[in-house]
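Enquirer: Please find one structure pasted underneath; my questions will follow.
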Ligand code: NIG
Ligand code: FE
């Protein structure tokens, strides 16, 4: 199927093919083409250029996008969108002054989600996840990573990963699955954490491998969760099954998460609400991408990831929604974009790269998505033309995406939220 989109007022993210993550100062320049066309064949971009150089081809359908802007489909490299129920009662507790860690210690948090998920059928989890995914697509997301980690026993972790597999088969967007059995120590292993780690290594990982259910492995390496030593054991085991690490690190403290992630060649270390000079230095000698999750800092009142310090050190920065029922119940990367500008002092252009090309790098998908380059998927957001890119994060709280196209096809999603 050959398609050409013409008369595009402006098309952003037209990087040359072969670009990897943009580092430091490179993040501030977004390449664009005015009065452009984009051609694709079987969902893959084959040509981009200016209308002056456009010549129609036989047997190709033409769609005029006069006056519209195109930006690449957004890439959400860190979500927990398969869950059984919202946790608004904990929201109330925190409004009244309890911290995230205090709520968790009182039986809330991840263990609360695990209890509910174990009681929920695979079918129900799938149905609810579909609605959430459609809302994310309506807000421009065309690639998403989804983690397990609310099962915390073999059957329930497999149940979550099978839901993710079914989502992969049912949606046209790109989905990557991450195994996060080490999200918390389940209540039944409270006094025997080594036994739970053994269960992950000896039972969960082989079963997941057998069914080919995961692309990556994650560990919540933080105060009160998993230590760097435990994380090392788990990442080594994951690597034996070909699962590259992408880990939760330094959300609650400076706990050595960045260092252990880098040591095991993590694609990304995510959170970094706590991140000092030693962490920055460690990242400078690695290919690991630091990923900030400003929705979590906003929702939990935590410090924001020091994106400016990371960029000043010449590092690439990516951002993700961390969409989950406990610390970041917002699925929109447009909100992430706005928070990055207002709270992390990232320029609109820097934050744009953090949710497109650099986010693709955090999923090892630079060859497939994150920019409107020849050879990549024709995944893009159509929006009304504006005087400036900055107006997207500037007008926060509204949906700027009129239509998401995935592999050249329009995808409609519900505009109203019923999460
Ligand atoms: O990324 N920090 C660990 N995991 C999630 C929160 C999980 C939850 O509270 O349900 C996060 O913030
Ligand atoms: Fe997370």
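Quick note: the coordinates plus some simple rules give every number you see, no bench work behind them. Being a predicted model, the structure only gives us computed values, none of them experimental. Cβ atoms come from the backbone with ideal geometry, glycine included; neighbour counts cover every protein chain shown.
Enquirer: So what does log10 I(q)/I(0) come out to for region 319-410 at q = 0.10, 0.13, 0.18 Å⁻¹, using the Debye formula with one equal point on every Cα and no solvent?
Expert: Listed by q, the Debye log ratios stand at -0.27, -0.47, -0.91.
Enquirer: In whole Å, largest first, what are the principal axis extents of the Cα atoms in region 75-361?
Expert: Rounded to whole Å, the extents work out to 44, 41, 40 Å.
Enquirer: Return the calculated 222 nm mean residue ellipticity for the chain, to the nearest 500 deg cm²/dmol, obtained by summing -39500 (n - 2.57) across DSSP H runs with n ≥ 4 and dividing by the residue count.
Expert: Using -39500 (n - 2.57) per qualifying helix, the result is -9500 deg cm²/dmol.
Enquirer: Calculate the radius of gyration of the Cα atoms of region 262-321 to one decimal place, then report Dmax, the largest Cα-Cα distance, as a whole number, both in Å.
Expert: Rg, Dmax (Cα atoms, Å): 11.0, 32.
Enquirer: Considering region 75-123, what Rg and Dmax in Å follow from its alpha-carbon atoms?
Expert: Radius of gyration, then largest Cα-Cα span, for region 75-123: 12.5, 37 Å.
Enquirer: Rank by packing, highest mean first: peptides 297-307, 20-30, with packing defined as the count of other Cβ atoms within 10 Å averaged across residues.
Expert: 297-307, 20-30
Enquirer: Relative contact order for the chain: what is it in percent, counting Cα pairs under 8 Å that are at least 6 residues apart?
Expert: 22 percent
Enquirer: I want to verify a result. In a Gaussian network model of the chain, Cα cutoff 10 Å, which of these has the top mean-square fluctuation: 360, 36, 318?
Expert: 36
Enquirer: Rank by packing, highest mean first: peptides 104-112, 50-58, 180-188, 388-396, with packing defined as the count of other Cβ atoms within 10 Å averaged across residues.
Expert: Highest mean packing first, the order is 180-188, 104-112, 388-396, 50-58.
Enquirer: Taking N as the number of residues in region 44-132, what is its alpha-carbon radius of gyration divided by 2.2 N^0.38 Å?
Expert: Normalised by 2.2 N^0.38 Å, the Cα Rg of region 44-132 equals 1.94.
Enquirer: Calculate how many DSSP beta bridges within region 216-336 are antiparallel, expressed in % of all such bridges and rounded to the nearest 5.
Expert: Roughly 5 percent of the beta bridges in region 216-336 run antiparallel, per DSSP.
Enquirer: Next question. When ranked by the protection proxy of mean other Cβ atoms within 10 Å per residue, highest first, what sequence do the peptides 399-407, 362-370 form?
Expert: 362-370, 399-407
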